[in-house]
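Q: Pasting in a structure now, in structure tokens, and then I'll have a few things to ask.
The values are calculated or read from the model by the stated rules, or taken from the named source; none is laboratory data. Every value quoted in this text rests on a predicted model; they were computed, and no experiment measured them. Don't worry about glycine lacking a Cβ; one is built from the backbone with ideal geometry, like all the others, and counts go over all protein chains shown. When the accessible area is computed, the model is the full protein with side chains, heavy atoms only, and any ligands, DNA or RNA have been set aside. Shrake-Rupley method; radii C 1.70, N 1.55, O 1.52, S 1.80 Å.
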There are 2 protein chains.
Amino acid sequence: MTIARSRSADQIQTTHVEPAIRALLDRLDPGNRLVGGYQLGYWNADESPADCQGKGLRPALALLSARAAGATPEAGVPAAAAVELAHNFSLLHDDVMDGDTERRHRPTAWTVFGVGPAILAGDALIGLAYEALAEVPGGRPAAQRLAVDVRALVAGQAADLSFERRDDVTLDECLRMAADKTGALLASSCALGAVLYGGPPGLIDGLSRFGRHLGLAFQLVDDLLGIWGAPQRTGKPVGSDLRARKRTVPVVLAVTGGDRAGRSLAELYRSPAPLTDDDVVRASALIEAAGARERTEQWAWQEAERARAELDALDLPDDVRGEFLDIATFITGRDH
Amino acid sequence: MTIARSRSADQIQTTHVEPAIRALLDRLDPGNRLVGGYQLGYWNADESPADCQGKGLRPALALLSARAAGATPEAGVPAAAAVELAHNFSLLHDDVMDGDTERRHRPTAWTVFGVGPAILAGDALIGLAYEALAEVPGGRPAAQRLAVDVRALVAGQAADLSFERRDDVTLDECLRMAADKTGALLASSCALGAVLYGGPPGLIDGLSRFGRHLGLAFQLVDDLLGIWGAPQRTGKPVGSDLRARKRTVPVVLAVTGGDRAGRSLAELYRSPAPLTDDDVVRASALIEAAGARERTEQWAWQEAERARAELDALDLPDDVRGEFLDIATFITGRDH
């Protein structure tokens, strides 16, 4: 399962983005460097080399973003490094808060190094993201945009956490949370390269909206995969969202749908006891019976179409447009 | 216990800095805003008004820093807001990691709102710090400098955490940790106003070194107060550092001093049992007997002198120099 994008884009991630991130990591004290590089998938806990990196979606979008503004992809490298670092900052902290023990088929950083070191390494990575931007021309508006989008990301995670203690979450709240949690940083990823290069505001804002819609589509697909599988994509155990009583979009669609399956699901979510394996299977069946699986799939499709419409409205080189669309196709899972 | 600084400086904190920070807080989602404003001392957990703010040392230094470069203090307001936000980001996370339950005579944020919300609010505050800088002219080098100093701050906290699991901490490591933990952000505080205003590099670097020495002096005084009292200054219970077996400078000076008192202290620190109240009293007596209280006082004095020497080497308006020295005097505790 690879993204059908140009060879040169993959090459630049290997020849430019990863070395840039590794050089930034080398600025850290040994402890934070170790945890940060583990999180990024560069090495194991004993610092032996690992090959457990993420999909590199965000850096790929940031490189495309520079090209969208007429720059070389190399001009987008600081943006690519920044969004990858910001993404991993948020994963480090989220895994602590959610108590998740596995990510990308490995133990999460806090389970290996402890909660304190994982929090600090997250703090260190987001700092490196701002360093990467602030030391190149165009870095001020880029840092500003990243900060605004990370603010939304943090708001999304706060909403996600608070939803676990509420049983009256509305669909609007849930969609907003999903768009904030995943869409905000994808919006930065799609815009930041163009911002660094001083692209026109219309292009930057259009790319940003493209990224936000794409991110919501991505999150909806992830919500589905979190219930019905494909741990090889998510790197997380099937059913973990249900077990944690997460109020994801499929769950809220089912619960607010008003039919019997939705009411049964609401009851299951309200019960104080930990959910058993059987409960998790039953919950996923109830979501499907309530029609919420299909409606979530439709919603993801619709967000992908909105993303595509944003792209259509922009004046872009054909190859850049094509690669943006390839990534959108990959993200919304329509190629597998 | 107030700082003898000009009335106008206090006024500007009230009329400009606090409103700027409150306006930044208003950008946050309600949950993060509530926790962030609680941490900053603006309100209680139920959002009723509170008056529990910190001493405002860092913003005061940032305003002076702008004046040092020939600007009005108002020009330093974004810098003042940024350093106060960065400081409170670090307190939010440190209290989680250290398990501290009290700060500024109130329950710490994580004990009131939970660990997840405290981590997220810290993430939100450091983001606002970068927003504050990135949206004004001069914001790029200012964001860069803040990021570099926050990197040192995070390294200092990582060292502090790791020292609790080690019994071979050297004095050099310990001083480096203290300078990173407290000196780095004071260095930013003293430099950032001048950076924003485009002051000359020689001035900026001199102010930064002044802040770092001042910060180490501050931390050494805090280490002493953490053992021998003045909870009205620290807002933390007396003896809490010893109870947590923190390897502060007085402890490491005693343990590495080679005399009998130091060896007894090392033994006490190595024992696996939690320290009793009697153990804490005995530990502080051993530190004093090893001469480490006096040596730490001397060291703090020496760092304060180094700070003063940095200031002497700079070309500053007399009133600005005077106010920097007032703050230095306050910090090193020689006025009480």
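Q: Hey, for A:Pro274 with labels 7 Å out along Cα-Cβ, what do the inter-copy distances come to in nm, ordered shortest first?
A: Copy-to-copy label distances for A:Pro274: 2.5 nm.
Q: What accessible surface, in Å², does a 1.4 Å probe find on B:Arg308, ignoring ligands, DNA and RNA and rounding to the nearest 10?
A: 80 Å²
Q: Just in the range B:1-104: which GluC sites (Glu not before Pro) are loop by DSSP and have at most 13 other Cβ atoms within 10 Å? Present the calculation step by step, with values, prior to reporting the outcome.
A: Numbers: sites: B:Glu47, B:Glu74, B:Glu84, B:Glu102; in loops: B:Glu47.
Here the sparse-neighbourhood loop sites are B:Glu47.
Q: Okay, next question. Summing -39500 (n - 2.57) over the DSSP H runs of n ≥ 4 in the protein assembly as shown and dividing by its residue number, what mean residue ellipticity at 222 nm do you reach, to the nearest 500 deg cm²/dmol? Working shown, then result.
A: On the way: 36 runs with 463 residues, N = 672.
Estimated from H runs of four or more residues: -22000 deg cm²/dmol.
Q: Something else now. To the nearest 20 Debye, how big is the dipole of the range A:149-198 about its Cα centre, given +1 on the beta carbon of each Lys and Arg and -1 on that of each Asp and Glu?
A: On the way: 5 positive and 8 negative charges, 43 e Å.
For the range A:149-198, the charge dipole is close to 200 debye.
Q: If you build a Gaussian network model of chain A, linking Cα atoms that sit under 10 Å apart, which residue out of A:Gln39, A:Gln298, A:Gln219 swings the most?
A: A:Gln298
Q: Place the label 7 angstrom along Cα→C-beta at B:Val136 and in each other copy, then list the distances from the first to the rest in nm, shortest first.
A: Distances to the matching label points in the other copies: 2.7 nm.
Q: Note the buried accessible area between B and A here, summed over both chains, with a 1.4 Å probe, in Å² to the nearest 100.
A: On the way: alone 14080 and 14060 Å², together 25340 Å².
It comes to approximately 2800 Å² buried between B and A.
Q: Which residue in chain B puts its Cβ closest to the axis that rotates chain B onto chain A, and at what distance in whole Å?
A: Taking Cβ atoms only, the nearest residue and its distance are B:Arg140, 2.
Q: With just the Cα atoms defining each centre, how far is the range A:113-180 from the range A:245-314? Give it in Å.
A: Here the two parts' Cα centres lie 24 Å apart.
Q: Suppose you put the label 7 Å out from Cα in the Cβ direction; list, shortest first and in nm with one decimal, how far A:Ala285 is from each other copy's label.
A: Sorted ascending, the copy-to-copy spacings read 7.0 nm.
Q: Looking at chain A as a GNM with Cα springs under 10 Å, which of A:Ala142, A:Ala285, A:Ala178 has the largest mean-square fluctuation?
A: Answer for the Gaussian network model of chain A: A:Ala285.
Q: Moving to a separate point now. Separation of the range A:39-68 and the range B:46-71 by C-alpha centroid, Å?
A: When both Cα centres are located, 39 Å separates them.
Q: Ok, one more. Determine the order of A:Leu34, B:Leu61 by accessible area, beginning with the largest, at a probe radius of 1.4 Å. Can you show the working numbers first?
A: Numbers: A:Leu34 40, B:Leu61 0 Å².
Order by accessible area, largest first: A:Leu34, B:Leu61.
Q: Continuing with this model, one more query. Please report, in Å, the Rg and the Dmax of the range B:185-323, where both are computed over Cα atoms only.
A: Final numbers for Rg and Dmax: 18.5, 55 Å.
Q: In debye, nearest 20: dipole of the protein assembly as shown around its Cα centre with unit charges on the Cβ of K, R (+) and D, E (-)?
A: Working: 72 positive and 94 negative charges, 13 e Å.
The dipole magnitude comes to about 60 debye.
Q: Roll a 1.4 Å probe over the protein heavy atoms and report the accessible area of A:Lys55 in Å², nearest 10.
A: 90 Å²
Q: A follow-up question, please. Using heavy-atom solvent-accessible surface (probe 1.4 Å) with all chains present, what is the largest-first order of A:Tyr197, B:Tyr42?
A: Values: A:Tyr197 115, B:Tyr42 10 Å².
Result, largest first: A:Tyr197, B:Tyr42.
Q: Tell me the carbon and sulfur percent of the accessible area for chain A, rounded to whole percent, probe radius 1.4 Å. Please report the intermediate quantities before stating the final value.
A: Numbers: 6480 of 12660 Å².
Ligands and nucleic acids excluded, carbon and sulfur give 51 percent.
Q: Let me cross-check A:His93: its accessible surface, 1.4 Å probe, with only protein heavy atoms counted, in Å² to the nearest 10?
A: Here the accessible area works out near 0 Å².
Q: Then there is this: Identify, among A:Gly193, A:Leu175, A:Leu153, the residue whose Cα sits farthest towards the positive end of the charge dipole of the range A:152-204, taking +1 on the Cβ of Lys and Arg and -1 on the Cβ of Asp and Glu, with the dipole about the Cα centre.
A: Most positive-ward Cα: A:Gly193.
Q: Below 15 Å Cα-Cα, how many Lys pairs turn up in the protein assembly as shown? Only count pairs eight or more apart in sequence, or on different chains, if you could. Mind showing how you got there, number by number?
A: On the way: A:Lys55/A:Lys236; A:Lys181/A:Lys246; A:Lys236/A:Lys246; B:Lys55/B:Lys236; B:Lys181/B:Lys246; B:Lys236/B:Lys246.
Lysine pair count for the protein assembly as shown: 6.
Q: Given the options B:Leu120, B:Leu216, B:Leu192, which has the most mean-square fluctuation in a GNM of chain B, springs set between C-alpha atoms less than 10 angstrom apart?
A: Comparing B:Leu120, B:Leu216, B:Leu192 in the GNM, the peak value goes to B:Leu120.
Q: How would B:His213, B:His16 rank on accessible area, largest to smallest, probe 1.4 Å? All intermediate terms of the calculation are to be shown ahead of the outcome.
A: Numbers: B:His213 45, B:His16 70 Å².
Result of the area sort, largest leading: B:His16, B:His213.
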